[in-house]
Every structure is written in structure tokens, then in C-alpha cells.
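The values are calculated or read from the model by the stated rules, or taken from the named source; none is laboratory data. Predicted model only: the values in this text are computed from it and were never measured. Cβ placement follows ideal geometry from the backbone for every residue including glycine, while neighbour counts extend to all protein chains displayed.
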């Protein structure tokens with residue numbers, strides 16, 4: 001027998017599903033799968049179902065489901081049916097679908113596709129070890145395949161533990177992958193596989209097929225680690241007389257070391273990245289463009305652009321490499337393309353969410369800003385100041401978190417910490433510079449950026465010093481740090497009184 005995916009035809013709209021397992025947070029690979037399914041569904045005018053595969057009760061949690069939903073929403077992805085959006089194909093959690101599975105098990109068993117297996121774990125392990133010793137792949141040997149119905153019922157009645165196995169026919173199972181082309185597997189290499197465990201629970205391969213059949217899924221877009229499952233699933237579709245979806249197995253996500261992306265590669269969740277100051281749409285676009293040709297114009301694509309212009313079927317087949325450096329570069333490019341007002345709003349939202357406004361001082365010393373867990377709304381002055389500082393840092397930051405390292409000093413009184421005071425004392429002509437700056441800035445007619453810049457630029461000649469130490473002294477005395485936004489703009493933004501106060505205070509410490 002040769003099973004293929006063309007045994008029955010679909011009618012109606014394209015229907016895809018994203019089916020995460022809520023045993024942990026949604027990682028970037030899962031987010032990418034969701035994105036490709038979303039783009040494909042919207043591109044073809046179809047529907048997307050969010051299905052929760054929570055058949056592992058010991059590891060599945062409601063918190064993980066809430067996080068999955070929140071992550072998808074943060075990426076701008078919505079679904080047509082699923083949690084929070086009931087429709088014709090519910091329920092959407094596998095733990096709520098036991099009756100559906102039981103009905104299909106009865107049907108398959110009645111048609112002779114399933115049979116009870118009484119082989120113990122010890123027997124099966126012995127078979128595996130023999131196969132390993134003989135250097136051959138192990139498949140179930142079929143010891144219970146030909147038991148008579150009467151013998152099977154007698155052993156069940158006697159209380160022997162049993163599973164249900166699918167009776168794999170002779171021949172070849174083939175399908176056409178939308179990305180990889182023809183795939184063909186000898187059924188003899190599959191072996192009769194378990195579809196119901198001894199405790200009565202359903203295994204993944206049967207559950208996913210029953211779900212796809214009853215939810216009328218037309219296309220399955222998932223990682224290429226599922227290719228080995230696909231022939232088994234096609235056989236179940238065939239046994240049910242159901243249409244077989246079209247499959248697209250996309251390349252998995254790997255780190256720069258060419259190993260599957262995991263915690264050892266750093267941040268692997270959208271929430272971790274947005275906490276670090278990445279923008280959700282940048283992460284979304286970066287994930288979308290992996291394994292495809294990319295140019296810089298695509299960095300700012302909207303979700304509508306992805307739907308209109310991105311074709312999942314044109315992905316490459318090589319492993320996708322997640323490169324944090326490239327993602328950071330893309331984020332910086334995106335930030336620089338924002339208008340100043342939009343950047344100000346992004347910064348206010350981020351700084352509020354990460355607790356910056358509660359105590360800006362704690363963000364001053366570290367190179368990487370801390371990420372507190374409690375949101376703190378800004379006072380009106382803090383909000384106004386954030387908007388004003390935003391254009392000063394725009395060309396210098398790659399992450400929203402970089403704002404703190406450059407500009408947190410605006411939000412608290414001058415504090416010369418660490419080696420800043422020693423550096424100031426070691427700067428040539430520092431006291432003379434600060435005293436002259438205090439007098440000159442205090443005496444400026446009006447207070448505008450051009451006047452501040454003209455005065456500061458003239459200070460080195462006035463003091464007969466080189467510009468570098470003069471500007472370094474002013475920067476340290478103004479902020480307590482060596483790297484800041486533009487010196488002239490920063491002094492102007494502080495205002496005359498605050499700028500003079502800071503420089504006079506620093507001069508008194510030298």
C-alpha cells in the first residue's frame with residue numbers, strides 16, 4: 001500500500017493552527033512558528049486557530065498559557081478561534097477534548113486499525129537493546145499484532161496492562177512538503193506505534209491528527225523536527241478517510257554555534273528581549289526574515305507588509321541562525337527611523353514598565369540597566385523630560401535600555417560616584433574650566449541652545465586650553481559620567497539654574 005497526502009480533497013478556506021505546549025514560556029522558535037502561520041493565513045484569506053496541546057498535566061500550567069497569549073498579542077498576532085475567541089471548532093485545549101479522542105479511537109479500533117498490545121516496558125527495552133547490539137534501527141516487532149480478538153479480550157479482562165497500537169500497512173508513505181518537495185518513507189521503518197497509553201491517555205500523533213481533522217486544518221506549518229512524525233500522522237488521516245493537510249516543515253532555529261537555540265544562548269523569549277529594550281515588531285520582523293533573503297528596507301515592515309509581501313513558501317531550507325548582534329543592530333536601525341515623538345512614547349512605556357521612574361539612581365552605575373519587576377508611572381516632569389531627552393539619545397542607543405546608561409543622570413541630582421570625581425580632578429584645568437563656565441553660563445543673555453553652544457565652544461580659547469579636557473570636565477561635572485548625549489544640548493536642556501548648580505557643586509569638590 002502506498003499512502004499519500006492526496007487521498008481526499010479539501011474544500012473551503014485555508015485553515016492553519018498554532019498549537020503550543022504550555023509546559024513553559026513561549027520561546028522564539030515557537031513565536032516564529034506562530035508568525036509564519038499567521039502570515040500564511042492572512043495572506044490567503046484563511047483562518048488561524050490557536051490550540052493548546054496540554055496533554056502533559058504534570059508540566060502544563062495556566063500561567064504558561066497566559067504567557068503564550070500575551071506574547072502573541074505583544075507581537076501583534078491575533079487568531080480567529082482559540083482561547084478567548086470561541087468558534088465552531090472548540091474546545092481548544094486538548095485536556096477538554098477527551099470525548100472527541102475516545103470517539104475516534106472507537107472508530108479506528110472498530111475498523112481494525114488499532115489493536116491491544118500487552119508487551120511490557122521490559123520486553124520492549126530488551127528488543128531495543130538487541131537492535132542496538134546488532135547495529136540496526138529498532139521498530140516494534142509486532143508480537144501482539146496477530147492476537148485473536150478473543151485472546152486480547154481475555155487478557156484485558158484478566159487485568160493485564162495494555163496499550164493500543166496503530167497497525168501500519170505494508171508499502172510506502174509519501175507526501176509533498178511545500179518547502180522541501182517529495183518525501184517518501186518505507187512503512188517497514190515506522191513500525192506499529194502506540195496511540196493510546198496504558199492509562200488511557202492519547203499520544204501526540206493521534207491527538208494532533210484528530211484535532212486537525214475536527215478543526216478542518218488544511219495546511220500544517222511547523223518545524224522540521226516534526227518530519228519524522230508526518231508519515232505516522234498521514235497513515236492516521238488515511239485510516240480515518242480524512243483529507244491530509246499540506247505540510248510545510250520550516251528549518252529550526254539555531255544559535256550562532258549551530259546548535260538548537262536554548263537557554264545557553266541567552267534570551268530566548270520575547271519577554272526577555274522586550275525587558276532588555278528590544279521592540280516587539282523588530283523581534284517579529286527578525287524572526288520572519290530568518291532563512292530568507294533580507295535587505296535593510298525590510299526592518300521597518302509592518303505586519304500588513306509581512307502579509308502582503310512575505311511568502312512562507314520561499315523560505316530557505318538551511319538551519320536558521322539566531323544572531324543577537326544582528327538583532328541588536330536591527331533594533332538600533334529601527335529606533336533611528338522613528339520620529340522623536342514616537343521614540344519618546346516608546347521610552348516612557350518602557351521606563352514605566354521596568355520601574356525606572358521609581359528610583360533612577362539605581363540605573364546610574366551599571367553598564368546594563370536593572371530590570372525591576374514593578375511598573376512605576378512617571379511624574380509629569382519626568383515624562384516631559386523623557387520626551388525632551390529622546391532626540392538627544394536617538395543616534396546613540398540600540399536598545400531602549402541604553403537610555404538609562406546615557407541619560408538617567410538627568411532625572412536625579414548630581415552624584416559623582418566611583419572614579420568620576422578622581423577623573424574630574426585629574427582633568428587638566430578642570431577647576432578653572434568649571435569656574436569660568438559657571439560665570440559665563442550664569443551671565444548669558446537669554447537661554448537658548450545656540451547661545452550655550454557658542455559660549456562652550458569658545459571656552460578653550462578663552463582659557464588657553466585644548467577643547468578635549470574642557471569638554472571632558474564639563475561633561476563629568478554636569479552628569480557624573482564620561483559618556484552622555486551631546487554636551488551643548490544637555491547643558492541647555494538642564495536649564496540655566498540646574499546647569500550652573502551642578503557645575504558649581506562639582507567645582508567645590510576639586
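Considered as a group, the residues in segment 441-468 that are closer than 25 Å to residue 412 by Cα and buried (at least 17 other Cβ atoms within 10 Å of the Cβ) include one that is farthest from the chain's Cα centre (by Cα), and that residue is 441. Taken over segment 236-248, the criterion of being in contact with a strand residue (DSSP E or B) (Cβ under 6 Å, 6 or more places away or on another chain) and buried (at least 23 other Cβ atoms within 10 Å of the Cβ) is satisfied by 245 alone.
Filtered by the rule that a residue be touching a strand residue (DSSP E or B) at 6+ places or on another chain (Cβ under 6 Å) and either surrounded by fewer than 21 Cβ atoms within 10 Å (Cβ to Cβ) or more than 13 Å from residue 15 (Cα to Cα) (or both), segment 48-64 gives 52, 54. What do you reckon, is residue 421 closer than 22 Å to residue 362 by Cα and modelled with pLDDT under 95? Considered against the rule, which asks whether it is closer than 22 Å to residue 362 by Cα and modelled with pLDDT under 95, residue 421 comes out as yes. Of the residues examined, residue 191 is not one that is modelled with pLDDT of 95 or more and either part of a loop (DSSP other than H, G, I, E, B) or over 27 Å from residue 211 (Cβ atoms) (or both).
The helices (runs of 4 or more DSSP H) located wholly in segment 390-501 that include 1 or more residues which are free of Cβ contacts under 8 Å to residues at least 40 places away in the same chain occupy 420-425, 430-443, 449-463, 467-479, 487-494. Residues in segment 194-224 that are in a helix (DSSP H, G or I) and either farther than 18 Å from residue 51 by Cβ or modelled with pLDDT of 95 or more (or both): 205, 206, 207, 208, 209, 210, 211, 212, 213, 214, 224. Within segment 276-323, being in contact with a helix residue (DSSP H, G or I) (Cβ under 8 Å, 6 or more places away or on another chain), in contact (Cβ under 8 Å) with a residue 60 or more places away in the chain and in a helix (DSSP H, G or I) holds for 280, 281, 283, 284, 287, 288, 303, 306, 307, 308, 312. Remark: residue 73 matches the filter, which requires a residue to be part of a helix (DSSP H, G or I) and either modelled with pLDDT under 90 or loosely packed, with under 15 Cβ neighbours inside 10 Å (or both). Do we find that residue 482 is on the phi < 0 side of the Ramachandran plot and surrounded by 17 or more Cβ atoms within 10 Å (Cβ to Cβ) in this structure? Considered against the rule, which asks whether it is on the phi < 0 side of the Ramachandran plot and surrounded by 17 or more Cβ atoms within 10 Å (Cβ to Cβ), residue 482 comes out as no.
Here residue 406 meets each of (1) within 25 Å of the chain's Cα centre (by Cα); (2) under 21 Å from residue 483 (Cα atoms) with one exception, condition (1). The set of residues from segment 417-432 being in contact with a helix residue (DSSP H, G or I) (Cβ under 6 Å, 6 or more places away or on another chain) and surrounded by fewer than 16 Cβ atoms within 10 Å (Cβ to Cβ) comprises just one member, 428.
Conditions tested, residue by residue: (1) at pLDDT below 95; (2) in a helix (DSSP H, G or I).
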| residue | (1), (2) |
| --- | --- |
| 23 | yes, no |
| 29 | yes, yes |
| 35 | no, yes |
| 40 | no, yes |
| 65 | yes, yes |
| 68 | yes, yes |
| 89 | no, no |
| 107 | no, yes |
| 127 | yes, yes |
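Residues of segment 147-168 that are surrounded by 14 or more Cβ atoms within 10 Å (Cβ to Cβ) and in a loop (DSSP other than H, G, I, E, B): 147, 161, 162, 167, 168.
Could you look through segment 330-344, keep only residues that are out of contact with any helix residue (DSSP H, G or I) (no Cβ under 6 Å at 6 or more places or on another chain) and buried (at least 16 other Cβ atoms within 10 Å of the Cβ), and pick out the one that is nearest to residue 294 (Cα to Cα)? Once the filter is applied, the top-ranked residue is 332.
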